[in-house]
1. If you take the residues in the stretch 71-89 that are in contact with a Phe, Trp or Tyr (Cβ under 8 Å, 6 or more places away or on another chain) and surrounded by fewer than 19 Cβ atoms within 10 Å (Cβ to Cβ), which one is nearest to ALA114 (Cα to Cα)?
2. If you scan the stretch 137-156, which residues turn out to be surrounded by 12 or more Cβ atoms within 10 Å (Cβ to Cβ) and at pLDDT below 90?
3. Would you mind finding the one in GLY68, GLY92 that is surrounded by fewer than 21 Cβ atoms within 10 Å (Cβ to Cβ) and either among the β-branched types (Val, Ile, Thr) or farther than 16 Å from ALA12 by Cα (or both)?
4. Only one of these is at pLDDT 95 or above and of a type in the set (Lys, Arg): LYS91, LYS96, LYS70, LYS85. Name it.
5. I want to confirm something. Restricting to the stretch 116-138 and keeping residues that are among the aliphatic types (A, V, I, L, M) and touching a residue at least 60 places away in the same chain (Cβ under 8 Å), which single residue is nearest to ILE51 (Cα to Cα)?
6. Looking at the stretch 95-124, which of its residues are closer than 15 Å to ILE161 by Cβ and part of a helix (DSSP H, G or I)?
7. Just wondering, is there one or more residues in the stretch 125-136 that are buried (at least 18 other Cβ atoms within 10 Å of the Cβ) and in contact with a Cys (Cβ under 6 Å, 6 or more places away or on another chain)?
8. If you go through the stretch 139-147 one residue at a time, do you hit one that is touching a residue at least 24 places away in the same chain (Cβ under 8 Å), among the β-branched types (Val, Ile, Thr) and either farther than 23 Å from LYS39 by Cβ or out of contact with any strand residue (DSSP E or B) (no Cβ under 6 Å at 6 or more places or on another chain) (or both)?
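The values are calculated or read from the model by the stated rules, or taken from the named source; none is laboratory data. The structure presented is a predicted model; accordingly, all values stated were derived computationally and were not measured. Every residue, glycine among them, receives a Cβ derived from its backbone with ideal geometry; neighbour counts consider all protein chains shown.
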Amino acid sequence: MQARSVTTFTQADFDAMWADCSSSIVDGTMPHSEHDHCKSEVFNSMNQQPIKLAVADDDNKDISYLTGYKTDDNHFFVVSGLHGKDTSGSKGWLFKGTYWSTIKQYLVDNNLVAYAGEMLKDRSAYNHVLTVSDLNLYPGATFSTSNLREIPSLGFTTINICFLHN
């Protein structure tokens, strides 16, 4: 696997990845049930972020897009991400240390000391990150959560996650 910086995501690149993962995003990792609104919001948000990262599998097929910004304490704060299928049509790479090692190496190479972000608590992305932590797939890092915030009017709770590089 390899990670690279991206200047912008084209609509075609985005659409290909969106097709692989929209069902877990719409009213899942994002609390919007309207498909087209959610797609547009994610696309615009991703292209507005100063850090845009693409990860390709060993066959050079893009399998993951992550975007966000650098915080004052040098954390990569993930705002949006898309996770598609690899060349073989699988998403099993999400549970492999090689993917997480690739992310960490990219961050270290860019002087970032942590992978962090805000998530909807008890939804698919959050549960996946807990599994990554439990299986020790993110190498040499301390996992923590903070800033639990209930938003009753919208019916969800947010929580910040962090893999701090040791």
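1. Among residues in the stretch 71-89 that are in contact with a Phe, Trp or Tyr (Cβ under 8 Å, 6 or more places away or on another chain) and surrounded by fewer than 19 Cβ atoms within 10 Å (Cβ to Cβ), the one nearest to ALA114 (Cα to Cα) is THR71.
2. Correct list: PHE156 only.
3. Going through GLY68, GLY92 in turn, the sole match is GLY92.
4. Values: LYS91 fails: at pLDDT 95 or above; LYS96 fails: at pLDDT 95 or above; LYS85 fails: at pLDDT 95 or above.
Going through LYS91, LYS96, LYS70, LYS85 in turn, the sole match is LYS70.
5. From the stretch 116-138, those among the aliphatic types (A, V, I, L, M) are 116, 119-120, 125, 129-130, 132, 135, 137; that's our starting set.
Subsequent filtering for residues that are touching a residue at least 60 places away in the same chain (Cβ under 8 Å) retains 119-120, 125.
Values: MET119: 18, LEU120: 21, ALA125: 20 Å.
Selected residue: MET119.
6. Hits for the stretch 95-124 are TRP100, ILE103, LYS104, LEU107, SER124.
7. Checking the stretch 125-136: not a single residue is buried (at least 18 other Cβ atoms within 10 Å of the Cβ) and in contact with a Cys (Cβ under 6 Å, 6 or more places away or on another chain).
8. Yes, some residue in the stretch 139-147 is touching a residue at least 24 places away in the same chain (Cβ under 8 Å), among the β-branched types (Val, Ile, Thr) and either farther than 23 Å from LYS39 by Cβ or out of contact with any strand residue (DSSP E or B) (no Cβ under 6 Å at 6 or more places or on another chain) (or both).
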